[in-house]
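The values are calculated or read from the model by the stated rules, or taken from the named source; none is laboratory data. As the structure is a computational prediction, the values presented were derived from the model and not from experiment. Here Cβ is always computed from backbone atoms with ideal geometry, including for glycine, and neighbour counts include all displayed protein chains.
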Amino acid sequence: MVKKNFWLILLFLFFAPALCGAAENTCLRCHEQLKGPAHKAAGHNFADWKKSAHAEKGILCQACHGGNPGTMDPVKAHQGVLPSQNKNSSVHFQKIPETCGRCHVEEFTEFRKSVHHKMLQRSGKGPNCLTCHGAMATFVLTASDLERTCSLCHGKPTQAAKALSAILSLKNFLNVYQKNLPKDEKERAAMFQKRYQKIQQEWHSFDVVFVIAESEKLMKEIKAAMDRKPRKGP
């Protein structure tokens with residue numbers, strides 16, 4: 001019995017590298033090496049993905065683009081992958097929100113309520129997820145950049161920059177409040193966090209009046225809680 005187990009273990013160690021290699025994501029392996037015209041034709045590259053939030057969460061190429069990441073055959077690997085100019089592509093400009101919404105469900109739900117989404121579906125023009133986050137979700141626009149972006153269609157001043165500033169201020173307020181939090185504040189802190197997340201989601205509907213009002217209201221409540229409760233530590 002011991003001898004039989006020895007041979008089974010030996011066979012596993014011999015074939016394990018091959019099995020691991022078969023499961024390797026060939027999208028990453030190939031696109032990491034793209035140079036020159038092929039690199040430009042790909043739109044974005046391995047370096048863009050590697051520094052993105054998607055890479056940190058283990059979201060790989062096929063999640064957005066489709067294809068078969070388990071084969072080294074370039075034809076089979078790109079089967080079902082369509083160029084972004086093709087209206088049937090999952091990364092076509094009009095389809096981007098739907099594709100991102102597979103994971104970002106709450107944000108997509110809110111975005112669908114917006115005039116921007118209706119305009120995008122009707123005319124193919126208007127902002128989508130890429131407008132504020134880039135192709136790989138590598139950034140969020142600053143308030144000043146958002147002001148410039150929105151003013152391309154809306155003119156100045158816009159309320160969007162004010163709304164984004166309110167959310168960012170609220171986030172900082174919440175972080176300060178949560179630092180060295182007393183035990184009897186945990187329940188209130190969870191409620192504040194839940195309301196902040198709701199405001200952040202509503203932001204994607206571009207209801208800036210709601211976002212500004214609710215952000216300012218929640219900041220006042222957090223400040224009141226901070227003034228009322230003794231803080232732990234120095």
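Does residue 66 satisfy the criteria of being modelled with pLDDT of 90 or more and at positive phi? In short, yes.
Among the residues of segment 183-201, is any closer than 22 Å to residue 96 by Cβ and not polar (S, T, N, Q)? The answer is no, given that none of the residues of segment 183-201 is closer than 22 Å to residue 96 by Cβ and not polar (S, T, N, Q).
Here's the yes/no breakdown for (1) closer than 19 Å to residue 77 by Cβ; (2) at pLDDT 80 or above; (3) in a helix (DSSP H, G or I):
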{"residue": "14", "(1), (2), (3)": "no, no, yes"}
{"residue": "34", "(1), (2), (3)": "yes, no, no"}
{"residue": "39", "(1), (2), (3)": "yes, no, yes"}
{"residue": "43", "(1), (2), (3)": "yes, no, no"}
{"residue": "49", "(1), (2), (3)": "yes, yes, yes"}
{"residue": "60", "(1), (2), (3)": "yes, yes, no"}
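Quick one: in segment 110-150, of everything that is of a type in the set (Asp, Glu) and over 17 Å from residue 205 (Cβ atoms), which residue is surrounded by the most Cβ atoms within 10 Å (Cβ to Cβ)? The selected residue is 147. Among the candidates 107, 187, 98, 214, the residue that is acidic (Asp, Glu), touching a helix residue (DSSP H, G or I) at 6+ places or on another chain (Cβ under 6 Å) and either without any contact (Cβ under 8 Å) to a residue 24 or more places away in the chain or surrounded by fewer than 18 Cβ atoms within 10 Å (Cβ to Cβ) (or both) is uniquely 214. Residue 141 meets the conditions (1) at pLDDT below 90; (2) over 29 Å from residue 47 (Cβ atoms) in every case but one. The failed one is (2).
Within segment 124-146, residues that are within 20 Å of residue 103 (Cβ to Cβ) and touching a residue at least 12 places away in the same chain (Cβ under 8 Å) sit with their Cβ atoms under 8 Å from residues that are in a loop (DSSP other than H, G, I, E, B) and charged (D, E, K, R), at 6+ positions apart or across chains, in these pairs: 136/51; 138/51.
What are the residues in segment 150-169 that are under 23 Å from residue 51 (Cβ atoms) and modelled with pLDDT under 90, if any?
Taking segment 150-169 and keeping what is under 23 Å from residue 51 (Cβ atoms), we get 164, 168.
Correct list: empty.
Every test in (1) within 22 Å of residue 108 (Cβ to Cβ); (2) modelled with pLDDT of 90 or more is passed by residue 188 save one, and that test is (1).
Note on segment 151-184: residues that are in a helix (DSSP H, G or I) and surrounded by fewer than 16 Cβ atoms within 10 Å (Cβ to Cβ) total 13.
Residue count for segment 190-209 under the criterion of being surrounded by 14 or more Cβ atoms within 10 Å (Cβ to Cβ), more than 19 Å from the chain's Cα centre (by Cα) and either more than 12 Å from residue 222 (Cβ to Cβ) or of a type in the set (S, T, N, Q) (or both): the result is 2.
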